[in-house]
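Notes follow the structure.
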Amino acid sequence: MTGVATLSRCTEALIARYGNSEFDDELRLAKHSYSERRGRVFEDDEQWERFTRGFLEWYVVERPWRDTGLAPAVLAQRDEEDLRSLGALRALASSQRCLAEIHAVKKGEMVVLDLVGGAEFLVQEERSLIGLEVGDVVEIRLLGFEGMISLGRTFLFHPTGTAAAIAKIIVMMRKQSASRADIIDHMALLRSRSQSYRHVSPIRIYESNGELASA
């Protein structure tokens, strides 16, 4: 099994374990928090599948579980006996969401610039990268596993032409001491508004920092 397949299997196992009906109350609380930060999406919306995949990954990788202070990806390490699966859980727990600009794309790999932290990464990806173009700004999750960096489930394109506005907002929010998660989630909120307010140019929504959509 490839590294990407192992990471995917472990993610699905976490979702099955912590996302079953026994924990519906926890799921509701988590989804409310996620929606407040990134914009509410309904089941009949074309964004629903993407929203759900991103939410479930965040739920098991980043969100502290109940009163433990630890995410499920950390808690599950305590009783994992398979060494490779344990390594995958550690990779998930130490992964980071990234607001990235695509600098290069070729078969099986791409080079991305972390717009919040400033570092450049070479990402190995066995899944199809069709549709990605140099200059695109995307939200991705970077995972270091078995000597390479690969992508998680989170994948959110920001509209073409919004890169300059995004860069300005990042500078503003960093001056306000906003966290990485705050910045990335705020951009996702703008992305959601640009989808909901189709009569307004996405570029104008980003340039106004969402005020046009809120008016």
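The values are calculated or read from the model by the stated rules, or taken from the named source; none is laboratory data. From a predicted model like this one, the values you see are computed outputs, not experimental measurements. A quick note on method: Cβ atoms are made from the backbone with ideal geometry, for glycine too, and the neighbour counts reach across all protein chains shown.
Could you grab the pairs with beta carbons closer than 6 Å, sequence gap of 6+ or different chains, first residue in the stretch 120-132 and surrounded by 12 or more Cβ atoms within 10 Å (Cβ to Cβ), second one of a type in the set (D, E, K, R)?
Pairs that qualify, where the first residue is surrounded by 12 or more Cβ atoms within 10 Å (Cβ to Cβ) and the partner is of a type in the set (D, E, K, R), are Gln124/Glu109.
Considering only the stretch 164-186, how many residues are surrounded by fewer than 17 Cβ atoms within 10 Å (Cβ to Cβ) and either in the same structural domain as Val61 (by TED's automatic domain parsing) or farther than 30 Å from Cys10 by Cβ (or both)?
Here the count works out to 9.
Using the structure shown, decide if Phe23 is under 30 Å from Gly210 (Cβ atoms) and either free of Cβ contacts under 8 Å to residues at least 24 places away in the same chain or buried (at least 17 other Cβ atoms within 10 Å of the Cβ) (or both). Break it down stepwise before answering.
Numbers: under 30 Å from Gly210 (Cβ atoms): no; either free of Cβ contacts under 8 Å to residues at least 24 places away in the same chain or buried (at least 17 other Cβ atoms within 10 Å of the Cβ) (or both): yes.
Considered against the rule, which asks whether it is under 30 Å from Gly210 (Cβ atoms) and either free of Cβ contacts under 8 Å to residues at least 24 places away in the same chain or buried (at least 17 other Cβ atoms within 10 Å of the Cβ) (or both), Phe23 comes out as no.
How about the stretch 56-72: which of its residues are hydrophobic (A, V, I, L, M, F, W, C) and either in a helix (DSSP H, G or I) or under 17 Å from Ser179 (Cβ atoms) (or both)?
Our first condition is that a residue be hydrophobic (A, V, I, L, M, F, W, C); within the stretch 56-72, this holds for 56, 58, 60-61, 65, 70-71.
Hits for the stretch 56-72 are Leu56, Trp58, Val60, Val61, Ala71.
Would you be able to tell me the number of residues in the stretch 9-37 that are over 17 Å from the mean Cα position of the chain (by Cα), farther than 15 Å from Arg53 by Cβ and small (Gly, Ala, Ser)?
Number satisfying all stated conditions: 2.
Checking Asp44 against (1) exposed (fewer than 11 other Cβ atoms within 10 Å of the Cβ); (2) in a helix (DSSP H, G or I), which single condition isn't satisfied?
Every condition holds for Asp44 apart from (2).
Please work out which residue is nearest to Arg174 (Cα to Cα), limiting yourself to the stretch 109-160 and to residues that are hydrophobic (A, V, I, L, M, F, W, C) and part of a loop (DSSP other than H, G, I, E, B).
Here is the first cut: in the stretch 109-160, the residues hydrophobic (A, V, I, L, M, F, W, C) are 110-113, 115-116, 119, 121-123, 129-130, 132, 134, 137-138, 140, 142-143, 145, 148-149, 151, 155-157.
Then keep just the ones that are part of a loop (DSSP other than H, G, I, E, B); that gives 115-116, 119, 129-130, 132, 134.
Numbers: Leu115: 11, Val116: 8, Ala119: 16, Leu129: 31, Ile130: 32, Leu132: 27, Val134: 25 Å.
Applying the filter and picking the extreme gives Val116.
Would you point out which residue out of Leu89, Leu75 is touching a residue at least 60 places away in the same chain (Cβ under 8 Å) and in a helix (DSSP H, G or I)? Walk me through it before giving the result.
Details: Leu75 fails: touching a residue at least 60 places away in the same chain (Cβ under 8 Å).
Result: Leu89 is the single residue among Leu89, Leu75 that is touching a residue at least 60 places away in the same chain (Cβ under 8 Å) and in a helix (DSSP H, G or I).
Which pairs do you get when a residue that is modelled with pLDDT of 95 or more, found in the stretch 106-119, comes within reach of a residue that is in a loop (DSSP other than H, G, I, E, B), reach meaning Cβ atoms under 8 angstrom, with the pair 6+ apart or on two chains?
Every condition considered, the pairs that remain are Leu113/Ala119.
Would you check if Ile149 is in the same structural domain as Glu125 (by TED's automatic domain parsing) and within 20 Å of Ala100 (Cα to Cα)?
Details: in the same structural domain as Glu125 (by TED's automatic domain parsing): yes; within 20 Å of Ala100 (Cα to Cα): yes.
Yes, satisfied.
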